[in-house]
Amino acid sequence: MEDRETADGVLGLVQAYVNSVDLEDGTDAFGDPNTLTAWLVAHGLMRQAQPGTEADLMHAKAVREAIRGLIGANSGLAVYPVDVATLNGAAAASGLRARFGSDGKARLEPEVGGVDGALGRVVAAVFTAMGEETWARLKLCGSNTCRWAFYDRSRNQSSRWCRMASCGNRQKAKRFRERAKAT
Ligand SMILES: [Zn+2]
């Protein structure tokens with residue numbers, strides 16, 4: 001099986017967050033509040049695992065799908081107000097604010113800790129990633145059942161599927177069947 005393309009740095013973090021669930025087979029790294037906080041710690045978004053709640057879990061998943069929605073814009077899809085509202089809500093709940101570090105560089109940092117703070121760091125990562133040229137290359141797979149966030153390395157940024165061999169061919173076969181039915 002060919003590997004799906006992954007991005008580096010802050011864009012890679014955003015990509016990993018969105019792809020923490022495989023919509024096709026249902027595997028979810030955020031299976032319960034504990035696996036969620038373990039994931040957040042492992043990715044440097046939380047200092048130490050604090051017990052999460054079911055509400056945290058729902059919030060983390062809502063933020064994940066909202067980011068997936070915004071990435072869809074890079075694939076020519078519409079941006080939904082509910083996704084925008086979810087991300088604005090996560091930014092507000094974490095108290096994101098501009099901070100200048102001792103290195104003289106500016107960053108967005110949450111005021112609160114816990115899962116809300118970690119989700120604020122995810123929103124900050126999206127904010128930073130959007131300011132980079134590579135943002136437009138982060139796309140959603142065109143297969144409706146997949147919707148994996150993949151990094152488009154093609155020279156003219158024309159890739160539409162995370163894996164041509166599986167998703168691309170399946171989508172083409174589906175269209176072929178629909179055309180055959182229509183005639
Ligand atoms: Zn796919």
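The values are calculated or read from the model by the stated rules, or taken from the named source; none is laboratory data. Keep in mind that this is a model prediction, so the values were computed, not measured. Reconstructed Cβ throughout: ideal geometry from the backbone, glycine too, with neighbour counts over all protein chains shown.
From Ala118, Ala173, Ala125, Ala149, which residue is of a type in the set (A, V, I, L, M), within 15 Å of the chain's Cα centre (by Cα) and within 16 Å of the ligand (Cβ to nearest atom)? Result: Ala149 is the single residue among Ala118, Ala173, Ala125, Ala149 that is of a type in the set (A, V, I, L, M), within 15 Å of the chain's Cα centre (by Cα) and within 16 Å of the ligand (Cβ to nearest atom). Restricting attention to the stretch 136-146, the residues being more than 10 Å from the ligand (Cβ to nearest atom) and either polar (S, T, N, Q) or within 12 Å of the chain's Cα centre (by Cα) (or both) number 2.
When residues in the stretch 76-133 are screened for being more than 26 Å from Leu36 (Cα to Cα), without any contact (Cβ under 8 Å) to a residue 40 or more places away in the chain and charged (D, E, K, R), 4 of them pass. Residues of the stretch 152-166 that are more than 11 Å from the ligand (Cβ to nearest atom) and either on the phi > 0 side of the Ramachandran plot or crowded, with 19+ Cβ neighbours inside 10 Å (or both): Asp152, Gln157.
Evaluate the following for Cys167: is it touching a Cys at 6+ places or on another chain (Cβ under 7 Å) and within 27 Å of Ala90 (Cα to Cα)? In short, no. Residue-level analysis places Gly95 among those that are touching a Pro at 6+ places or on another chain (Cβ under 8 Å), surrounded by fewer than 19 Cβ atoms within 10 Å (Cβ to Cβ), more than 24 Å from Thr134 (Cα to Cα) and not acidic (Asp, Glu). Residues in the stretch 105-153 that are part of a helix (DSSP H, G or I), out of contact with any helix residue (DSSP H, G or I) (no Cβ under 7 Å at 6 or more places or on another chain) and either under 21 Å from Leu40 (Cα atoms) or of a type in the set (A, V, I, L, M) (or both): Gly114, Arg121, Ala124, Phe127, Met130. Screening Leu57 with (1) more than 19 Å from Phe30 (Cα to Cα); (2) within 17 Å of the chain's Cα centre (by Cα); (3) at pLDDT 95 or above gives one miss only, at (1). Could we say that Ala106 is of a type in the set (A, V, I, L, M) and over 25 Å from Ala62 (Cβ atoms) here? Yes, satisfied.
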